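Here is the structure we will look at, set down as structure tokens.
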Amino acid sequence: MNEIITARGSLLIAGVTIDGATVDIAVDEKGTIAAIGKDAKKTIDADIVIDGSDRIAVPGLVNTHTHAAMSLLRGYADDMILQDWLSQKIWPLEAHLTGDDVYAGTRFACLEMIKSGTVAFNDMYFFMDRAAAAVDDMGMRATLAYGFIDLGMEEKREAEIKATETLVAHVRSLDNPRIRVAVGPHSVYTVSPEGLRWCAEYAAEQEIGIHVHLSETEKEVVDCVARFGKRPAYLLDDCGCLTPRTVAAHCCWLDEAECRLLAERGVTASHNPASNMKLAVNRAMPYHWLKAAGANVSLGTDGCSSNNNLDLMEEMKFAALLQKFAWNSPTLLPAGEAIEMATAAGARALGTGPGTLTVGAPADIVLLDARAVCNTPLFHADSNAVYACNGGAVMTVLCQGRVLMHEREVPGEEEIVREAAAAARSLVDRAQDSS
Ligand SMILES: CSC[C@H]1O[C@@H](n2cnc3c(O)ncnc32)[C@H](O)[C@@H]1O
Ligand SMILES: [Zn+2]
């Protein structure tokens with residue numbers, strides 16, 4: 001194994017390109033960026049030196065909406081409409097998931113995210129204690145939420161409350177600064193107002209985040225208005241779920257007033273363009289309204305069954321292209337804003353630092369191959385990163401100064417892939433045996 005991956009201590013990335021300039025980046029033992037510039041090496045006595053020549057440094061990417069262990073369901077059910085896809089294929093299979101599946105699937109998802117430059121993610125799923133173990137093993141950052149669904153049933157709500165409280169206590173007991181916990185009310189169509197209110201109150205009391213799906217489809221909006229007499233964002237607001245600690249995924253069918261409401265409440269809207277196009281939700285997130293209102297807009301992949309990968313580099317391109325196409329504006333969401341969405345906006349949403357390469361920031365750093373085909377010629381590095389490259393251009397990944405991948409090598413890769421393949425096979429076999 002590459003000795004740079006196993007080494008621990010202070011670190012120097014020598015002669016790397018940032019914004020067209022060649023600099024050194026010094027990282028101290030705590031994993032903080034100590035200095036950037038020609039004299040950076042003087043600030044530390046580096047235990048590890050990474051050759052940054054032919055490399056472009058960018059901040060680590062942040063995936064603000066996913067269901068990581070759905071990596072096991074990649075390609076299991078495609079080309080369907082959302083409600084049928086969930087109710088006929090995904091939920092029946094998920095009923096057979098075990099904690100071991102979620103561990104294998106989350107480790108596998110972490111591997112895929114690391115290989116494409118992601119250092120942190122916002123996850124909502126089941127058996128999240130096992131997801132936490134996987135994140136811990138892989139060295140990433142994550143905010144983990146148990147997916148709370150009560151379907152309006154009091155008994156189920158009590159069970160979901162217990163599961164949420166148990167996860168919060170568990171994550172707290174890990175005392176791992178890279179792993180946080182959030183409350184995860186799935187959506188207004190799967191959680192009752194009572195359930196939403198409990199989630200909001202509990203999140204406030206525990207000072208933790210809220211992770212929710214919002215206005216993904218027109219049907220969600222129409223049904224919500226028919227059942228509750230108000231649009232989904234207003235229902236969430238009435239229940240206390242719109243806060244500066246809230247990440248709302250999708251937000252495709254928000255109207256202009258709802259965009260202003262999200263901005264006023266300090267909510268982060270997570271754009272998931274590949275999933276939205278694949279499930280043909282028929283409207284792109286109104287990014288221009290959210291931006292005009294001053295909302296924080298970040299980027300997510302959604303789960304591997306509606307994407308079907310976790311490559312946030314690729315997602316930046318989908319976001320930039322979908323916004324231009326859907327709103328008929330080639331100037332909307334330029335490359336620099338797509339990168340900001342995938343880095344600083346995501347870091348702001350999850351509270352993982354500024355999401356920039358600046359002194360004092362956590363050393364969450366990605367090195368891209370400046371000699372790759374997708375980076376040649378290199379007139380504007382942001383343009384190449386968003387429009388030409390994908391995760392394959394990522395060579396080295398650091399999270400809090402720890403090297404998770406170097407020269408595309410991640411420790412244990414073969415075993416992680418083998419175990420995920422076996423878990424996926426066994427999950428589908430179990431589901432078939434029971435039917
Ligand atoms: C309760 S854990 C999360 C839950 O969400 C399901 N899911 C995956 N993708 C989507 C989507 O695009 N919209 C709504 N719900 C989705 C996932 O399968 C889990 O059951
Ligand atoms: Zn989702």
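The values are calculated or read from the model by the stated rules, or taken from the named source; none is laboratory data. What you see is a predicted model, and the numbers here were worked out from it, not measured in a lab. So basically every Cβ, Gly included, is an ideal-geometry build from the backbone, and we count neighbours across all protein chains shown. Just so you know, the surface numbers come from the protein's heavy atoms only, side chains and all, with ligands and any DNA or RNA stripped out. Shrake-Rupley method; radii C 1.70, N 1.55, O 1.52, S 1.80 Å.
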Under 8 Å for C-alpha pairs, at least 6 residues apart: give me the relative contact order for the chain, rounded to a whole percent. 21
Shape call, region 325-435: gyration tensor on alpha carbons, a/c limit 1.5: prolate
Tell me which lysines have Cα within less than 24 Å of K41's Cα, excluding those fewer than 8 residues away on the same chain? K30
Please state the shape class of region 61-350: rounded when a/c is under 1.5, otherwise prolate if a/b exceeds b/c and oblate if not, all from the C-alpha gyration tensor. rounded
What percentage of the solvent-accessible surface of region 61-350, computed with a 1.4 Å probe over protein heavy atoms, is contributed by carbon and sulfur atoms? 52
Show that you can apply the helix-only estimate: for the chain, add -39,500 (n - 2.57) for every DSSP H stretch of four or more residues, divide by all residues, and state [θ] at 222 nm to the nearest 500. -11500 deg cm²/dmol
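Sorted by packing (mean other beta-carbon atoms within 10 Å per residue), highest first, where do 5-17, 368-380 land?
On the way: 5-17: 18.5, 368-380: 14.8.
Those peptides, ordered most packed to least, come out 5-17, 368-380.
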Once you have a ≥ b ≥ c as the square roots of the Cα gyration tensor eigenvalues for region 62-182, tell me rounded if a/c is under 1.5, and otherwise prolate or oblate according to whether a/b is larger than b/c. oblate
Beta bridges per DSSP with both ends in the chain, % antiparallel, nearest 5: 40
Whole Å is fine, so just give me how far the alpha carbon centre of region 9-70 lies from that of region 362-386. 14
Helix 312-326 sits off the longest principal axis of the Cα atoms of the chain, rounded to the nearest 10 on a 0 to 90 degree scale, by 60
Distance check, please: which entries in K219/K291; K115/K156; K42/K317; K162/K291 exceed 27 angstrom between their Cα atoms? K115/K156; K42/K317; K162/K291
Tell me the angle of helix 218-228 to the major Cα principal axis of the chain, expressed in degrees between 0 and 90 and rounded to the nearest ten. 50
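If DNA, RNA and ligands are ignored and the probe is 1.4 Å, what is the ranking of I339, I50 by accessible area, most exposed first?
Accessible-area ranking of I339, I50, largest first: I339, I50.
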Given R₀ = 56 Å, FRET efficiency for A204-D19 by Cβ-Cβ distance, to 0.05? 0.90
If you count only protein heavy atoms with a 1.4 Å probe, what accessible area per residue comes out for the chain, rounded to a whole Å²? 39
Each label sits 7 Å from Cα toward the beta-carbon; between I161 and E407 the label points are separated, in nm, by 5.6
In degrees, nearest ten, helix 128-138 long axis to first principal axis of the chain (Cα): 10
